[in-house]
Amino acid sequence: MVRKRLVIEMGMGIDQHGQEPTVAAARAVRNAIAHNALPGVWEVAGLNDPNEMIVEVQVAVPYPEQVRTDEVLAVLPFGRKTITVESGGMVVEGRAIPSLNDKNDEMLIAIAAVTVLIETD
């Protein structure tokens, strides 16, 4: 079987308060898939079930070792999902607000690419 890409979607996510790289990463993935529909999965690729598509996620975020990958992948409604997390994104100085449980002044920005693939003969 050969894998062929149908679409690559990009997104950005921010955690302004809480300093949670998982939150920023999940928001980036959600942003990447938020404004699309994939009728080609059925009409062109001929899949019968959306879980037959392959969904590869790549996320760049500060503190990648802290990302809980299962929570990020849970944003995706369908597919055989994989994720790669790497160091990247941005740390921007914000303002810590104690009532929001901020640990410091950091705002974390993540970027994501979500690739949808199918397997063909």
Is at least one residue of the stretch 48-62 closer than 23 Å to Leu6 by Cβ, in contact with an Asp or Glu (Cβ under 6 Å, 6 or more places away or on another chain) and not polar (S, T, N, Q)?
-> yes
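Okay, residues lined up against (1) at pLDDT 95 or above; (2) of a type outside the set (S, T, N, Q); (3) under 12 Å from Val29 (Cβ atoms); (4) in contact with a Ser or Thr (Cβ under 8 Å, 6 or more places away or on another chain):
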position: Glu86; (1), (2), (3), (4): yes, yes, no, no
position: Val91; (1), (2), (3), (4): yes, yes, no, no
position: Arg95; (1), (2), (3), (4): no, yes, no, no
position: Met107; (1), (2), (3), (4): yes, yes, no, no
position: Ala113; (1), (2), (3), (4): yes, yes, yes, no
position: Thr120; (1), (2), (3), (4): no, no, no, no
Hey, any hits in the stretch 91-104 for a residue that's part of a helix (DSSP H, G or I), touching a helix residue (DSSP H, G or I) at 6+ places or on another chain (Cβ under 9 Å), among the polar types (S, T, N, Q) and surrounded by fewer than 18 Cβ atoms within 10 Å (Cβ to Cβ)?
-> no
What helices (runs of 4 or more DSSP H), lying completely within the stretch 1-90, carry at least 1 residues that are free of Cβ contacts under 8 Å to residues at least 60 places away in the same chain and buried (at least 19 other Cβ atoms within 10 Å of the Cβ)?
-> 21-33, 69-73
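The values are calculated or read from the model by the stated rules, or taken from the named source; none is laboratory data. All of these numbers come straight from a predicted model, not from anything done at the bench. Methodologically, a virtual Cβ is constructed for each residue, glycine included, from the backbone with ideal geometry; neighbour enumeration extends over all protein chains shown.
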